[in-house]
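Here's the structure we're looking at; comments come further down.
Read-outs throughout are calculated quantities, based only on the coordinates presented, and are distinct from any laboratory measurement. Owing to the predicted nature of the structure, the values given are computational and were not obtained by experimental measurement. With ideal geometry, Cβ positions are generated from the backbone for all residues, glycine too; neighbour counts draw on all protein chains shown.
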Amino acid sequence: MHRVQQAIKWTVYTLLLVNFGFYIVEDWNRAIHSLDAGATLFQWTTEFATSIDELGWFLLLAMFELETYVLEDEQWTRWSTALIRGIRLACFVMIGHTVVAYGAAAFQIQSAPEVSGVDNLCELADGETSFVYNLGYTTIDETNCESLSGASQFYWVTEGTVVTDPAGLKLEQALYWVDVVEAVAWLIIVLAIEAIVRLQDRGIGSGRTIRLLNGTQLVLYLLLVGFAIWWATLSHWLYFWDELLWIGGFAAIEMNLSEWRDELKGSEDAPTTGSASP
């Protein structure tokens, strides 16, 4: 059974790494539609926020794997502890950047300015402006402008480069806010795992605090499954698949923690030296 669990775990980790490659391609495709030569560094990192986020989570997952399964207590040294803590801090910086980037984008799109003086998308068929709907970007030209949208009102999603119609704007706003809530939910989950690791490192494997942390994680995992189903209804199968994979990845860490708890319980139940035999 243990070998099966390990095989499943490493399969999940491998698939997450493959997904990371898909996100880099997707972010690049969005960036070439949204950014111009005058874009700032923050604008670039915002467009690649998903890839940066994925990298941060992947490294964080690796650190948890080392701490909860790979390395034994006696293998920890001052330097290995400092290195892992440093990498973990860098991961939290990357994840924090994602939360800030998603939050800024969500607030910005709430007040997306209307494209003035335009009541037909074909008026923007200059080959330099793109139309977005459901995260799909298309360069507007004379051959596709009529099929992209029949609306008479448009909004700048990215001023000067990307537009959408009222239906597209409503969907984009929802997508951005789901990204924010999703990022915060994962951040709370990882903080809960971090707290459990610290408690178990001190020999505490049960109690009210552990139950509260596990319960919080369960509620947030259910929320994330709901988001995954929503992504599927919008035909974003990569996001649906990725969400389930990440839940699987952290479920693997939970299995490591469970084994660790069993070891702690075994240590507590073991008879002390010199005790009488039953």
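General remarks:
- Near ALA101: Cβ cut-off under 10 Å, other residues only, Lys/Arg at +1 and Asp/Glu at -1. The net charge is -3.
- Under 5 Å between amide hydrogens, built in the peptide plane, is the criterion, and for PHE154 it picks out VAL115 among residues at least 5 positions away or on other chains.
- Simple spin-label estimate for ARG198 and GLN110 in nanometres, 7 Å along Cα-Cβ: 3.1 nm
- Phi angles of region 244-254 translate, via the Karplus equation with coefficients 6.51, -1.76, 1.60 and θ = phi - 60°, into HN-Hα couplings of 5, 5, 5, 4, x, x, 6, 5, 5, 5, 4 Hz per residue; Gly and Pro are given as x.
- In order along region 89-96, the Karplus-derived 3J(HN,Hα) couplings, from 6.51 cos²θ - 1.76 cosθ + 1.60 at θ = phi - 60°, round to 4, 4, 5, 5, 5, 5, 5, x Hz, and Gly and Pro are given as x.
- For region 13-137, relative contact order (Cα pairs under 8 Å, six or more residues apart, normalised by length) works out to 28 percent.
- FRET E, pair THR209, ARG85, Förster distance 25 Å, beta-carbon r, rounded to 0.05: 0.70
- Loop-located trypsin sites (Lys or Arg not before Pro) in region 159-202 (DSSP state other than H, G, I, E, B) with a sparse environment of at most 13 neighbouring Cβ atoms within 10 Å: ARG202.
- The H on the amide N of SER130, modeled in the peptide plane, is under 5 Å from the matching H of ILE140, VAL162, VAL163, each at least 5 residues off or on a different chain.
- Stretched out straight at 0.36 nm per residue, the stretch from ASP119 to LEU17 would grow longer than its current Cα-Cα span by 32.3 nm.
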